[in-house]
Amino acid sequence: MLNLSLQGRNQTVSDLIGMINGFRNKLNVFKRALEKNNLTHFPSCLQIAEEFNGEENIEFSSCFSQIEQVIDEFNTRFEEIESLKSSVLLYNNPLGATIDDQPPNLQLELCDLQADMFLITRQEKGPEFFKLLSKEKFPNLRDFGLKMTSMFGSTYTCESSFSSTKYIKNKNRSNLTDSSLRHLIRLSTIELQVDISSLVDEADRSQSSH
């Protein structure tokens with residue numbers, strides 16, 4: 001499902017746009033299928049039609065207008081995606097990008113990038129590729145890569161922090177201080193694996209040595 005696909009850590013704007021456009025394509029497939037009363041992609045409707053096989057004329061083709069409404073809503077809500085298309089293509093494949101089609105401040109750096117014998121042999125993509133770029137030689141391309149990589153990073157952090165806060169501040173923790181809450185939220189939203197046992201053992205050894 002689209003809402004589940006859009007969730008999660010470490011997703012880039014390229015990943016999200018790909019998922020959204022893929023779902024748009026599926027909606028158009030659903031619409032065309034319903035217009036022909038083809039229920040292949042609608043198992044529940046197909047089951048109903050089979051249950052009434054021959055008894056009644058079950059017609060679902062009129063429901064395609066509902067799909068049309070969803071398509072229109074998607075086009076309205078995600079109309080800005082089209083304006084990001086050229087940037088996403090450059091982000092995904094800077095080595096194969098047409099230089100003349102890119103912003104002027106990136107063109108000369110792209111000339112050097114696409115001629116760099118080290119970089120053209122690399123297999124990394126997206127953020128991992130832009131990490132390879134020298135700050136001195138490719139400052140604008142590095143900034144571009146950072147911007148594209150972080151475009152939805154803050155959104156995930158905010159949403160996960162809010163979810164963690166609701167879980168942490170339950171009725172059994174009514175006396176939770178602001179400081180403790182801040183530390184708990186930080187622990188719940190980072191990827192670091194904390195080895196509590198080792199930390200406790202280290203603290204015990206430190207105390208016993210005094």
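Taken together, the values in this text are just the output of simple stated rules run on the coordinates, not laboratory data. Owing to the predicted nature of the structure, the values given are computational and were not obtained by experimental measurement. Positions of Cβ are backbone-derived with ideal geometry, glycine not excepted, and every protein chain shown enters the neighbour counts.
Listing for the model above:
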quantity: Local net charge near residue 84, Cβ-Cβ under 13 Å (Lys/Arg +1, Asp/Glu -1); calculated: -2
quantity: Relative exposure of 24, 122, judged by other C-beta atoms within 10 Å (fewest first); calculated: 122, 24
quantity: Under 28 Å, Cα to Cα: Lys pairs in region 23-133, sequence gap 8 or more or different chains; calculated: 6
quantity: Around residue 105: net Lys/Arg minus Asp/Glu count, Cβ-Cβ under 15 Å; calculated: -2
quantity: Segment residue 125-residue 111, extension gain: residue separation times 0.36 nm, minus the distance between their alpha carbons; calculated: 3.2 nm
quantity: Region 57-141 - Rg and Dmax from Cα coordinates, angstrom; calculated: 20.4, 71
quantity: Gain on full stretching of the segment that runs from residue 77 to residue 137 - 0.36 nm per residue minus C-alpha separation; calculated: 17.8 nm
quantity: Projected label distance in nm at residue 25 and residue 202, using a 7 Å step from Cα toward the beta-carbon; calculated: 4.9
quantity: Stretch gain in nm, segment residue 178-residue 44, where the contour uses 0.36 nm per residue and the Cα spacing is subtracted; calculated: 43.3 nm
quantity: Efficiency of FRET between residue 70 and residue 93 - r from beta-carbon atoms, R0 25 angstrom, step 0.05; calculated: 0.20
